[in-house]
Amino acid sequence: MVNAGGALDMRATATADDSTYAKIVRLAAQAGAENAPVVRLADRYAAWFLPLALLVAAGAWLASGSAVRAVAVLVVATPCPLLLAAPVAIVSGLSRASRRGVLVRSGAALENLGHATTLVMDKTGTLTMGRPVVVDVAAAPGRDAIDVLRLAASVDQLSPHVLAEAIVTEALARGLRLSLPTDVVEEPGRGVTATVGDQRIYVGKLGGDTSTEWARAAVNRALLDTAAIAWICVDGRPAGAVLLRDPLRRHAPRTVRRLRGAGLQRLVMLTGDRAGPAREVAAVLGLDDVYAEQSPADKVAAVRAEQARAMTVMVGDGVNDAPALAAAGVGVAMGARGATASSEAADVVLTTDRLERLADAMDIARWSRRIAVQSAVVGMGLSLAAMVVAALGWLPPAAGALLQEGIDVAVIGNALRALRGDPSLDVDLPAQTERMLHRFDAEHDELRDTVGLLREAADRLADAPDQSALQAITRAHGLLVDRILPHERAEETQLYPALAHPLGTGEATATMSRTHAEIQRLSDRIGAHLALAQSGGCIAADQVDDLLACLYGLYALLRLHFLQEEENYFTLAPDEPDEPTEPGGSSR
């Protein structure tokens, strides 16, 4: 822990045995199949099997007058397929789910997952990263945006606020040299004030006038982008603004599709955040309904209303989500970095920070139940057939004993198939292709932020077609030629052919190949404009409009192309960490 404030007293109130990790371990130890509905159903049928076996044995004895036939019937009469198949299959499903990073409290919870048709989700930390990032820096006339960011980050170094952390991270990523602030005063819920050099700097909410042209533009941009604003004032005067957003998880759109494919028909988002960011996330992901500005009590009421209509799964990660998790048919906690209370209240804990693991658990639940029912039905069918054969005198007791053991072993062996999962859901991904996906995914991480150079060059050109704009376009074109185009060519010649087999056809990447061609065309066009401008010593007036169209168009195309590849292809490779992509919302 780092204390950036005054002196404090600290007291330990719990031991390591009370930690979230220890409780998750105990949760895994408590997992069992005895409460699963399919197990209880098997137990009820097994209770009727003994009278049936006695009746068949007695009938065989009376009909034939041979006690050997009755003994043979009793020897082969085994309820083990009913008593063993369901528990073994459910426990195997629990084991497989745990290997996929899903800890399920009981067999009943696993089976309920297989029946669920409605999913209710929290937004922050579940669908979004829960870590805001800087999307833009606005500066007042006469101020430089980079210097505004440096001052803000210098002050925010000593603030524990999540937006302050994002501002400092952005400044360090840009290689800015931060100053050590003095006389730091933080007002919770408002902002922080400190002295940097000989200037008094404030970062936080702005209570004064925002009617100036630049401030109004920053507010409008924040409204359009559903972003939070951290205002920067220098010696009491507004000097700039930093816009921040909570990014959507990279895998969120594909995860939503996976969840629908796993059988969920209604997806609902509950969030305490503002309506604007909530609606944007819902629109991007294609959710069926969204409830914004929800208190913990509101979330519980909404979950109970959904549960009254259909089996409902609730996913959350915060302390405020714990009551709603307890009210749901199946509560699912994002336990990798979620709150202890939510993990304790949940029936299921995702130990990896990936919501798509819930879809895996639902597939496992349905497969396990199918195997349990199949094993019980086939096993009991074989047992009843053996009883009939024994009653007819065609099966002696000794052979019947061996057959009975063979039926039990076959049933248990079949139930253990639940450990392997449904083979129809497996993706045939060669190790070399998986490594290639990880490699290009890492390159996207490196390139994603640098693509902003295209927009910065277009913004400078829109302000004035001067030498600084020409230099910005030159830097952007250098990025295209040296990094982006080689990356796209490598994808076209190496990655896409390797994906043809796992995806079933080479046509699956055809649209992406067409996008590569358009990226090359726009890059060449920018290069041609740049050569004309350099030969003439300046950007001609008749070049401005077309250059702006190329720069803005290529910026939007690259961002969309990166997202499409990440959702459609890169998520095929398992267990890669999440990274930010599209926005959600946040507020300071």
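The values are calculated or read from the model by the stated rules, or taken from the named source; none is laboratory data. Given the structure is predicted, the values throughout are model-derived calculations rather than measurements. Using ideal geometry, Cβ is built from the backbone for each residue, glycine included, and neighbour counts are taken over all protein chains shown. With ligands, DNA and RNA removed, areas are computed over all heavy atoms of the protein, side chains included. Shrake-Rupley method; radii C 1.70, N 1.55, O 1.52, S 1.80 Å.
Okay, here's what the table says:
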{"read-out": "Candidates Asp482, Asp449 - the one that is among the acidic types (Asp, Glu) and without any contact (Cβ under 8 Å) to a residue 12 or more places away in the chain", "value": "Asp482"}
{"read-out": "Unique residue being basic (Lys, Arg), open to solvent by less than 70 Å² (accessible area, probe 1.4 Å) and either closer than 30 Å to Ala517 by Cα or at pLDDT below 85 (or both) when the list is Arg448, Arg435", "value": "Arg448"}
{"read-out": "Condition met for Ala391 (touching a helix residue (DSSP H, G or I) at 6+ places or on another chain (Cβ under 6 Å) and farther than 30 Å from Val313 by Cα)", "value": "yes"}
{"read-out": "Positions within the stretch 146-161 being surrounded by 16 or more Cβ atoms within 10 Å (Cβ to Cβ), modelled with pLDDT under 90 and not polar (S, T, N, Q), in sequence order", "value": "Leu158, His161"}
{"read-out": "Residues (within 46 Å of the chain's Cα centre (by Cα) and open to solvent by 50 Å² or more (accessible area, probe 1.4 Å)) located in the stretch 55-85", "value": "Leu83, Leu84"}
{"read-out": "Tabulated pairs, the stretch 246-268, first closer than 17 Å to Glu306 by Cβ, second of a type in the set (Phe, Trp, Tyr) and open to solvent by 10 Å² or more (accessible area, probe 1.4 Å), C-beta under 9 angstrom, 6+ apart or interchain", "value": "Val268/Tyr291"}
{"read-out": "Selection count, the stretch 201-218, where residues are over 20 Å from Leu163 (Cα atoms), open to solvent by 80 Å² or more (accessible area, probe 1.4 Å) and at pLDDT 85 or above", "value": "2"}
{"read-out": "Residue match in the stretch 479-492 (condition: open to solvent by 60 Å² or more (accessible area, probe 1.4 Å) and aliphatic (A, V, I, L, M))", "value": "yes"}
{"read-out": "Cβ pairs under 6 Å, 6+ apart, first in the stretch 549-574 and closer than 26 Å to Ala476 by Cα, second modelled with pLDDT under 90 and not in a helix (DSSP H, G or I)", "value": "Leu558/Val451; Leu563/Thr581; Glu566/Arg250"}
{"read-out": "Pair list, Cβ under 6 Å, 6 or more apart: the stretch 277-289 residue charged (D, E, K, R), other residue assigned to a loop (DSSP other than H, G, I, E, B)", "value": "Glu280/Thr226"}
{"read-out": "Residues being part of a helix (DSSP H, G or I) and either in contact with a strand residue (DSSP E or B) (Cβ under 8 Å, 6 or more places away or on another chain) or modelled with pLDDT under 80 (or both) - total across the stretch 65-85", "value": "6"}
{"read-out": "Residue under evaluation Leu382, criteria (1) within 15 Å of the chain's Cα centre (by Cα); (2) open to solvent by 20 Å² or more (accessible area, probe 1.4 Å); (3) not aromatic (Phe, Trp, Tyr), criterion not met", "value": "(1)"}
{"read-out": "Flag if Ala399 is buried (at least 20 other Cβ atoms within 10 Å of the Cβ) and at pLDDT 85 or above", "value": "no"}
{"read-out": "Search result, residues across the stretch 190-200 that are under 12 Å from Ser179 (Cα atoms) and touching a residue at least 12 places away in the same chain (Cβ under 8 Å)", "value": "Ala194, Thr195, Val196, Gly197, Gln199"}
{"read-out": "Unmet requirement for Met512, which otherwise passes all of (1) modelled with pLDDT of 90 or more; (2) in contact with a His (Cβ under 8 Å, 6 or more places away or on another chain)", "value": "(1)"}
{"read-out": "Among the candidates Arg221, Arg245, residue that is within 26 Å of Val284 (Cα to Cα), of a type in the set (D, E, K, R) and surrounded by 21 or more Cβ atoms within 10 Å (Cβ to Cβ)", "value": "Arg245"}
{"read-out": "Residue count, the stretch 170-190 (criterion: under 28 Å from the mean Cα position of the chain (by Cα) and open to solvent by less than 80 Å² (accessible area, probe 1.4 Å))", "value": "2"}
{"read-out": "Residue in the stretch 39-48 that is at pLDDT 80 or above and either closer than 24 Å to Ile407 by Cα or assigned to a helix (DSSP H, G or I) (or both) present", "value": "no"}
{"read-out": "Matching residues, the stretch 258-278, being surrounded by fewer than 17 Cβ atoms within 10 Å (Cβ to Cβ), in a helix (DSSP H, G or I) and at pLDDT 85 or above", "value": "Arg260"}
{"read-out": "Tally, over the stretch 228-250, of residues that are closer than 10 Å to Val148 by Cα and under 21 Å from the mean Cα position of the chain (by Cα)", "value": "0"}
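Residue-wise test of (1) open to solvent by 30 Å² or more (accessible area, probe 1.4 Å); (2) assigned to a helix (DSSP H, G or I).
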site: Pro87; (1), (2): yes, yes
site: Val91; (1), (2): yes, yes
site: Leu94; (1), (2): no, yes
site: Ala108; (1), (2): no, yes
site: Gly114; (1), (2): no, yes
site: Arg131; (1), (2): yes, no
site: Asp136; (1), (2): yes, no
